[in-house]
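Engineer: Below are the structure tokens for one structure; questions will follow.
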Amino acid sequence: MAKEVTYEEIVRNLKNRVYAPVYFLMGEEDYYIDRIADYIIDTVLNETEKEFNLTVVYGADTDVANVINAAKRYPMMSEYQVVVVKEAQSLKRLDELAFYLQKPQKSTILVVCYKHGSIDRRKKLAAEIEKNGVLFESRKLKDSQLPGFISSYLKRRKVEIEPKASEMMAEFVGADLNRMAGELEKLVLTLPTGVRRITPEQIERNIGISKDYNNFELRNALVEKDVLKANKIIKYFEENPKNNPLQMTLAILFNFFSNLMLAYYAPEKSDQGVAAQLGLKSPWQAKDYMLAMRRYSGVKVMQIIHAIRECDAKSKGIGNPSTPDGELLRDLIYFILH
């Protein structure tokens with residue numbers, strides 16, 4: 001199996017003006033597909049060249065024959081022409097593109113954006129793309145990878161972010177990277193002149209997340225078995241249900257305790273070993289899991305995971321006609337801590 005190309009490799013080659021005749025961008029995560037396509041549109045041609053040499057079509061409004069005909073044209077007063085097919089998952093008989101890819105036009109850069117799924121890598125189309133171009137799969141990030149994405153994104157904007165602030169953003173926005181990028185841009189724009197570091201206080205002011213009463217702090221309270229702090233947070237959640245929906249809290253708790261269960265199976269019980277087991281980018285992200293393993297037994301963690309599932313079912317009305325979300329969460333947190 002061919003080595004998978006990464007987003008960073010593609011962008012590096014594009015910046016060096018090393019172009020492939022076809023870029024087939026597929027997968028569940030729209031963010032990287034959009035970024036690569038936009039970068040090609042913005043940088044390969046200058047504004048004058050775009051008038052004659054940039055073609056953008058949509059899968060639902062065209063067919064493979066039209067795409068191939070466009071790709072076979074020669075550029076006008078330019079070294080390259082760019083043909084972009086957006087929403088290519090709606091393009092019928094896509095496999096027929098393989099015939100063009102056997103001998104693609106060297107002066108054409110064909111960009112195919114295939115979202116919300118992937119083509120079968122065993123078929124001829126994938127083989128022809130990999131032989132003559134770039135086949136890129138954009139996968140959804142795991143929750144544990146979000147702080148790394150946030151730090152990397154802001155680093156490109158020459159801005160730092162405190163670890164707690166990064167965790168708050170990951171918890172609040174989740175794995176929708178396009179939305180995350182938008183929220184991060186808002187934060188960058190609101191930084192005072194000369195300030196290049198984002199703190200929890202700035203997130204509290206500009207995004208509307210309490211720096212003291214949020215899911216990140218609730219998780220910390222559970223790790224530390226701080227009963228008073230945990231109860232203060234769930235009381236705040238109960239009083240502010242719109243900003244702190246139960247489903248979001250349950251998802252974060254389930255993710256943490258599921259990872260904690262996996263951490264018990266790490267061959268090496270160290271920050272580095274647990275980070276490797278959970279696919280964390282940095283050993284410091286494993287510290288909470290190391291502490292939690294000392295506070296909770298494996299059996300208790302299994303019981304907690306079951307209790308979270310049960311709470312989720314009750315919050316959706318299964319076996320629970322009337323208990324409010326605040327009471328369900330309070331019962332769950334009591335069970336976790338005792």
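Engineer: For LYS300, project a label point 7 Å along Cα to C-beta. Then give me every residue of the stretch 211-233 with its amide nitrogen under 13 Å of that point.
Structural biologist: It comes to 222-227, nothing else.
Engineer: Give me, ordered by chain and number, the residues 5 or more places off SER138 or on other chains with an amide H under 5 Å from its own placed amide H.
Structural biologist: MET26, GLY27, GLU28, GLU29
Engineer: Could you order the peptides 149-156, 212-219 from most to least packed, using the average number of other C-beta atoms within 10 Å per residue?
Structural biologist: 212-219, 149-156
Engineer: For GLU185 and THR48, calculate 0.36 nm times their separation in residues minus their Cα-Cα distance, and state this gained length in nm to one decimal.
Structural biologist: 46.4 nm
Engineer: Right, here's the next one. When the helix-only estimate is applied to the chain (DSSP H runs of n ≥ 4, each -39,500 (n - 2.57), divided by the residue count), what is the mean residue ellipticity at 222 nm, nearest 500 deg cm²/dmol?
Structural biologist: One gets -16500 deg cm²/dmol as the mean residue ellipticity at 222 nm.
Engineer: Figure the gain on full extension for THR323 and LYS92 (residue separation times 0.36 nm, minus the Cα-Cα span) and round it to one decimal in nm.
Structural biologist: 78.2 nm
Engineer: Could you state the number of Å between the C-alpha centres of the stretch 125-156 and the stretch 291-310?
Structural biologist: Computed from Cα coordinates, the inter-centre distance equals 33 Å.
Engineer: Note down the nm distance, to one decimal, between modelled labels 7 Å out along Cα→Cβ at ALA276 and at THR199.
Structural biologist: 3.8
Engineer: Let me ask something additional. At 0.36 nm per residue, minus the direct Cα-Cα distance, what do LYS140 and LYS316 gain on full extension? Give it in nm, one decimal, please.
Structural biologist: Residue separation times 0.36 nm, minus the Cα-Cα distance, leaves 60.7 nm.
Engineer: What are the ³J(HN,Hα) couplings of the stretch 287-302, residue after residue, when phi is run through the Karplus curve with 6.51, -1.76, 1.60 and θ = phi - 60°? Round to Hz, x for glycine and proline.
Structural biologist: Those phi angles translate into 4, 4, 5, 4, 5, 5, 5, 7, 8, 10, 7, x, 4, 5, 5, 4 Hz.
Engineer: I'd like to compare 28-41, 185-198, 278-291: which one has the highest average count of other Cβ atoms within 10 Å, and what's the full order after that?
Structural biologist: 28-41, 278-291, 185-198
Engineer: Give me the percent of the accessible area of the stretch 63-139 that comes from carbon and sulfur atoms, probe 1.4 Å, all protein chains in place.
Structural biologist: C and S atoms contribute 49 percent here.
Engineer: Right, another one. Averaged per residue, what accessible surface does the stretch 138-191 expose to a 1.4 Å probe, in Å²?
Structural biologist: On a per-residue basis, the stretch 138-191 sits at 46 Å².
The values are calculated or read from the model by the stated rules, or taken from the named source; none is laboratory data. Predicted model only: the values in this text are computed from it and were never measured. As a convention, Cβ positions derive from the backbone with ideal geometry for all residues, glycine included, and neighbour counts pool all protein chains shown. For accessibility, only protein heavy atoms count, side chains too; no ligands or nucleic acids. Shrake-Rupley method; radii C 1.70, N 1.55, O 1.52, S 1.80 Å.
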